[in-house]
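Encoded as structure tokens, the structure appears first; notes follow it.
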Amino acid sequence: STNNDESIHPEDVQVCGVLCKGTIWGGRKASFWFSSFLGVRCWLARHHVGKTKAALSRNGRDDGLAYSNEASLLLLSQNAITALNRVISSQGWGKQVVSRHFRPNIVVSSSSDAQKDTEQQVTSNPEDLWQKICIKNEGNTLELNAIGKCARCQMVDIDPDSGMKGNTLRALAEYRRERGKILFGTFFSGNSKNETSDVFWIEEGNEVRAR
């Protein structure tokens, strides 16, 4: 038999402290397997939108975003990763990191020509300054607006290949702490300017312009 969203009562689910809705899937068997494997009590949940899709919840969150954080897209620059690795190396804190440690949707790198005579040339995290970015692909444009910076937790310490724990968060705390939070990466949200389709494909090598 298959589960039906309309026949399952949604439960309250907290994601990073934000209350949203979800339906528990797979029953006790799935719950037991995940709990045994991960070593913590957990369940398999599917995002529940309901009849009013993408409605704003009481806390202002867009419920159409499923289980993302503040926004659906997280952007990180290669400049930021390079700067972080300099701190890790200078402190002797072990293996350097790659973008996969931070689970971004989009990773950008800036050419030296594009950075000349701009304020972004002297910052290790240029995405901190960006209010909007435009991504072009085959004549279509995707405009994204900055929502805010991403507060990091100890998950960034886990090597995505080996599963071993490093000192990434400790290194970030050296220079990325702001009002008690350690910030790294920027959330973006927006819409495609493609008049013929709601689908916009992002591919490696696409031109990204920031302002």
Test result for GLY163, at pLDDT below 95, of a type outside the set (Lys, Arg) and touching an Asp or Glu at 6+ places or on another chain (Cβ under 6 Å): no
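Scanning segment 188-199 for residues that are touching a Ser or Thr at 6+ places or on another chain (Cβ under 9 Å), in a loop (DSSP other than H, G, I, E, B) and open to solvent by 40 Å² or more (accessible area, probe 1.4 Å), which turns out modelled with the lowest pLDDT?
Taking the candidates together, the pick is LYS193.
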Number of the condition not met by TYR175 [criteria: (1) part of a strand (DSSP E or B); (2) at pLDDT 90 or above]: (1)
Verdict on SER68 being open to solvent by less than 40 Å² (accessible area, probe 1.4 Å), within 22 Å of the chain's Cα centre (by Cα) and modelled with pLDDT under 90: yes
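Do we find a residue being among the β-branched types (Val, Ile, Thr), assigned to a helix (DSSP H, G or I) and open to solvent by less than 50 Å² (accessible area, probe 1.4 Å) anywhere in segment 130-151?
The answer is no, given that none of the residues of segment 130-151 is among the β-branched types (Val, Ile, Thr), assigned to a helix (DSSP H, G or I) and open to solvent by less than 50 Å² (accessible area, probe 1.4 Å).
Would you pick out the residues in segment 166-175 that are of a type in the set (A, V, I, L, M, F, W, C) and open to solvent by less than 20 Å² (accessible area, probe 1.4 Å)? Let's see the steps before the verdict.
Of segment 166-175, the ones of a type in the set (A, V, I, L, M, F, W, C) are 169, 171-173.
ALA171, LEU172 - these are the residues of segment 166-175 that are of a type in the set (A, V, I, L, M, F, W, C) and open to solvent by less than 20 Å² (accessible area, probe 1.4 Å).
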Residue in segment 48-56 that is among the β-branched types (Val, Ile, Thr) and modelled with pLDDT under 85 present: yes
Identity of the residue in segment 152-165, of a type in the set (A, V, I, L, M) and not in a loop (DSSP other than H, G, I, E, B), that ends up least open to solvent (accessible area, probe 1.4 Å): VAL156
Residue that is within 18 Å of the chain's Cα centre (by Cα) and not hydrophobic (A, V, I, L, M, F, W, C), where the choices are LYS132, LYS165: LYS132
Test: residue in segment 178-186 that is open to solvent by 50 Å² or more (accessible area, probe 1.4 Å) and in a loop (DSSP other than H, G, I, E, B): yes
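The values are calculated or read from the model by the stated rules, or taken from the named source; none is laboratory data. Quick caveat: nothing in here was measured; it's all calculated off a predicted structure. A quick note on method: Cβ atoms are made from the backbone with ideal geometry, for glycine too, and the neighbour counts reach across all protein chains shown. Remember, those area values only see protein heavy atoms, side chains included, never the ligands or the DNA or RNA. Shrake-Rupley method; radii C 1.70, N 1.55, O 1.52, S 1.80 Å.
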